[in-house]
1. For the stretch 280-394, what does the accessible surface come to per residue with a 1.4 Å probe? Please give it in Å².
2. Beyond 23 Å between alpha-carbons counts as too far, so tell me which of Lys135/Lys211; Lys135/Lys155; Lys120/Lys362 fall in that bin.
3. Would you list which aspartates and glutamates come within 18 Å of Lys320, measuring only between C-alpha atoms, while excluding same-chain residues fewer than 8 positions from it?
4. Shape verdict for the stretch 333-387, please, from the Cα gyration tensor: rounded (a/c under 1.5), prolate (a/b greater than b/c) or oblate.
5. If you roll a 1.4 Å probe over the stretch 166-279 with all protein chains in place, what percent of the accessible area is carbon or sulfur?
6. Taking the solvent-accessible surface of protein heavy atoms with a 1.4 Å probe, what is the per residue accessible area of the stretch 137-248 in Å²?
7. Write down Rg/Rh for the stretch 296-339, rounded to two decimals, with Rg from the C-alpha atoms and Rh from the Kirkwood relation over Cα pairs.
8. Enumerate the lysines that Lys229 could reach by cross-link, defined here as Cα to Cα under 20 Å, with residues fewer than 8 away along the same chain left out.
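The values are calculated or read from the model by the stated rules, or taken from the named source; none is laboratory data. Since the structure is predicted, the reported quantities are computational estimates derived from the model, not experimental observations. Side chains are part of the model used for accessible areas, which takes the heavy atoms of the whole protein and leaves out ligands, DNA and RNA. Shrake-Rupley method; radii C 1.70, N 1.55, O 1.52, S 1.80 Å.
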Amino acid sequence: MDFQTYWLLALPFFFGLGWLAARVDIRHLLSESRTLPASYFKGLNFLLNEQPDKAIEAFIEVARAEQQTIELQFALGGMFRRRGEVDRATRLHQSLVERTDLTVQQRTDALYELALDFLKAGLLDRAAPLFDKLKESDHEEAALRHLLDIHVTEKDWLQAIAASLTLEHKTGEDHRSERGHFYCELAILSYSRSQFEEAQQFLDQALTTHKNCLRARVLQGQWAMNDAKFSEACQIWQQLEQPDPDYLFLVAKPMVDCLRQLNRSTEALTLLESWLSRYPSLDLLAVTFQTALEIRGENYAHALTRQELARHPSLGALEKYFESQVVMAPVEQREEWQRMRDIVHGQFERLAYYQCHHCGFKARSFHWHCPACGQWDSYPPRRQVEQDLQPRVN
Ligand SMILES: [Zn+2]
């Protein structure tokens, strides 16, 4: 393309246009800044000087004087809530909700913020209807999650099932395992009211919802045992091995009790030893050791602990070894063995806890539902001391 000389004349023209645009922009900014109240700049100044409390007071003054500063009011409300001043946040968001000059989006945002205030204040009965209203808004997903948490906290399991289904439908997430637990909770409630048929139906629903719902299998076996259906209980519990053998420890002790009721004690010990060799765990070892002691006597239990100590060395195995030594040793040496056993036992007890992998909460017993963070299935079926001893992969 040939260069045309008249193009040189166009350059100053475009430069002039740019200069004009900048002037207009600066004038606009200046006129805007003149409309901002002095408190706004005062607040900014306090913020820059790291005096947040004074800054907040200055911004409150702006918000009071300039009702159109909606975004500032939202910012203040959120900050009050974060600082724990929930009453203040609630009053501010309540006044926003009551205003008639808000856009649809602003009103929805105000409702959501108000629901969060109620949630933070623990007023679940006031938060829930607001989250319910937000089901068809931008805040739908967050509102559904909060509603689910509220129903779980209030142990309203039917509502929790409904909320979990809606959330699954909206997000595509898999909530079946969680719903299995909700049906188990309903089953436990019915069982405690002696509504046994209804309880069984809820367990069936748990298993229909989540085929591998281990908790439902554990409960089914427990209730069969309560009805003296020992053989049936054993059959149900043996099914746990297929989906996840790590949870067998939950049924090991009652399984032994059932088999002993059926005069199959030796079979019980053989089964436990077989599980222990294939799925070593401290909880299984404890039950196997006790059963061996009761059924086959001290020598057998002692040999078992020696074998286990060689095969899977651990603090728990060492404790059982010392325990068997206390029983086996001549009377004059027992005190010494007992002392050593107590030292190891104390250390083992200190470290043998289950730990939530979501929030780190430690518990002496196994939980399906973390009492601290409310997460389901967040406790691994092994005590932390065992996981720490797992071989490291380099
Ligand atoms: Zn937790």
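1. Values: 6440 Å² over 115 residues.
With all protein chains present, the stretch 280-394 gives 56 Å² per residue.
2. Check vs 23 Å cut-off fails for Lys135/Lys211; Lys120/Lys362.
3. Glu273, Asp283, Glu294, Glu298, Glu308, Glu335, Glu336, Asp342, Glu349, Glu386
4. Numbers: a/c = 4.02, a/b = 3.72, b/c = 1.08.
Prolate is the answer for the stretch 333-387, as a/c is 1.5 or above and a/b outweighs b/c.
5. Details: 2480 of 5650 Å².
Roughly 44 percent, rounded to a whole number.
6. On the way: 5640 Å² over 112 residues.
Spelled out: the 1.4 Å probe surface of the stretch 137-248, per residue, equals 50 Å².
7. On the way: Rg = 10.3 Å, Rh = 10.5 Å.
Reported Rg/Rh (Cα atoms, Kirkwood Rh): 0.99.
8. Straight-distance partners of Lys229: Lys253.
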